[in-house]
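One structure below.
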Amino acid sequence: MSDTVENSPEISLSEMLQIRRDKLTDLQESGRDPFAITRYDRTHYCKDIKDNFEALEGQTVRLAGRQMSKRDMGKAFFTDLQDGSGRLQIYVKIDDLGEEAFSEFKKWDIGDIFGAEGTVFRTRRGEISVHCTSVVLLSKSLRPLPEKFHGLTDSETRYRQRYVDLIVNPDVKRAFEIRTKMITGIRRYLDQRGYLEVETPVLSTIMGGANARPFTTHHNTLDIDMYLRVATELHLKRLIVGGLEKVYEIGRLFRNEGMDTRHNPEFTTIEFYEAFADCNTMMDMTEEMIVGLVKEIYPELPHDTLVIPYQGEQINMTAPWERLSMADAVKKYAGVDFMSFSTDEEARAAVRSIGIEPKAAATWGELLYEVFDQRVESNLVQPVFITRHPVEVSPLAKRCGDDPRLTDRFELFVTRRELANAFSELNDPIDQRSRFESQVKLREGGDSEAMMLDEDFLTALEYGLPPTGGEGIGIDRLAMLLTDSPSIRDVLLFPTMKP
């Protein structure tokens, strides 16, 4: 059956599936089972031939990939072969293959995987191609690909069948190549600074390191409940105590939270910690590292004006980036001067005046964060470091020396979302115990996202944690920015989906 008939509206999907299975049966019964072939040696990829045409013209090459189009010219045939590097036109003539082999080749379907050997040439229309002398079917596609003019456009199907999405949407593959390049660049940056990449447990008996609701599982042999990690922080700081002075980990975290364009229950972060450094060290490193990634991923941009597109907006990634305390940001965007309030009551009255109803016992710090979250974050389009966060929302950060209500912490915001979070790490075990105990009270009050008290971590702090700067960066959100992707699902190969 021809491809034209298969793609006609009169034929159903079930009939297409049966036709392809019948073709496979015919091949197997005639001793030409494509699934029996274990190997095909290639000499080149499609991109190699296009990039090096002058050197390869007239040379014999061997390619392998997926058939993506068919153009029947009678005694000649054109098809597009797609491999991991791109596409290339394949030209086949009956005189070169012989009548029987040519007839069988014409029966192959779009989506079939084949090998081709021939010489490199340019057609009269100027298209670089391979004139084949032999072809071999390597794998039979038993399902048709999405119709070529409309492709795979439904987001739900794209996320559930990423394998098809990658076949038919070249931009998707490009996004994941950029993601890999980005992670490689981060590793290279930290390795060159003397950091050691480490691995810490995914399963833990204590849920800690961040305010988040965990996933709970059960260890049968030990008969205990365990938690999938919500952060790598506490283990990495244990290593700083142990004398590994620069460490980082790129890994999966798991948070039992809602799913939207910015959140997925499992996601990737990098956390890195450096002894004898502080929050400002982390800020400088973050700016330098991300600017370096932008230059690498967008090499065509002038390095003195790094403006990249994101969902219709122009984001200026050129350093230096703005640095703004949370109180100053609230004053700038919400018109409330928290630094002028001396009591919680004054702060509550000011918050009411802008239409936010505070909790009865809300503190100055809680109110500052509430206004920032509701009225400021949506304004932060260009890169900005928001510094000096309230101690109530920063249980692992060192207090500011000039104002104990605040901590030496920053979050990096770009395109209205947080990309990075860093502290001058709290190394006072007495203060840390007090903050853990406050978190325990929150849990007892019903806050399932509050942290648990981690006695072993407190023991480690009592041995002495040097002054330390630490940071976490959301790999997925950074990938969204650098690939101009509107949803976190666009940068996760297999996002979590409802069954």
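The values are calculated or read from the model by the stated rules, or taken from the named source; none is laboratory data. Bear in mind that the values here come from a model prediction, so they are computed numbers and not experimental data. Cβ placement follows ideal geometry from the backbone for every residue including glycine, while neighbour counts extend to all protein chains displayed. Heavy atoms of the whole protein, side chains included, go into the accessibility calculation; ligands, DNA and RNA do not. Shrake-Rupley method; radii C 1.70, N 1.55, O 1.52, S 1.80 Å.
Structure summary
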read-out	value
Helical segments meeting 30 Å axial Cα length and Kyte-Doolittle 1.6 threshold in the chain (DSSP H)	none
Heavy-atom accessible area per residue - the range 105-195, 1.4 Å, Å²	52 Å²
Geometric extent, Cα atoms of the range 323-437 - Rg, Dmax (angstrom)	14.0, 40
The chain, relative contact order in percent, only Cα pairs under 8 angstrom and at least six apart counted	13 percent
Kirkwood hydrodynamic radius (C-alpha pairs) into Stokes-Einstein, the range 174-272, 10 °C and 1.306 mPa s, D in µm²/s	105 µm²/s
Unsatisfied cross-links (Cα-Cα over 18 Å) in the set 246/295; 50/181; 75/106; 50/295; 70/93; 106/140	246/295; 50/181; 50/295
Hits among lysines - C-alpha to C-alpha of residue 332 under 30 Å, sequence gap 8 or more where chains match	359, 398
Residue-normalised accessible area of the range 398-449, expressed per residue, 1.4 Å probe, Å²	45 Å²
FRET E, pair residue 55, residue 497, Förster distance 51 Å, beta-carbon r, rounded to 0.05	0.65
For the range 31-78, the spread of Cα positions along each principal axis, largest first, Å	39, 31, 18
The range 443-470 versus the range 192-216: alpha-carbon centroid distance in Å	13 Å
Ranked by how many other beta carbons lie within 10 Å on average, peptides 474-483, 445-454, 87-96 from highest	474-483, 87-96, 445-454
Carbon and sulfur %, accessible surface of the range 78-213 computed with the full protein complex present, 1.4 Å	49 percent
Extension reserve of the residue 448-residue 405 stretch, reckoned as 0.36 nm per residue once the Cα distance is removed	13.0 nm
Residue 221-residue 244 pseudo-label distance in nm [points 7 Å out on the Cα-to-Cβ vector]	2.3 nm
Span from the the range 22-96 Cα centroid across to the the range 328-400 one, whole angstrom	63 Å
FRET efficiency for residue 38 and residue 346, using Cβ-Cβ distance with R0 set to 60 Å, rounded to 0.05	0.20
Average projection area in nm² (convex hull over Cα atoms of the chain, one quarter of hull surface)	31.1 nm²
Sum of side-chain charges, residue 211 neighbourhood, beta-carbon under 12 Å (Lys, Arg +1; Asp, Glu -1)	-1
Neighbour net charge for residue 419 - beta-carbon separation under 12 angstrom, K R +1, D E -1	-1
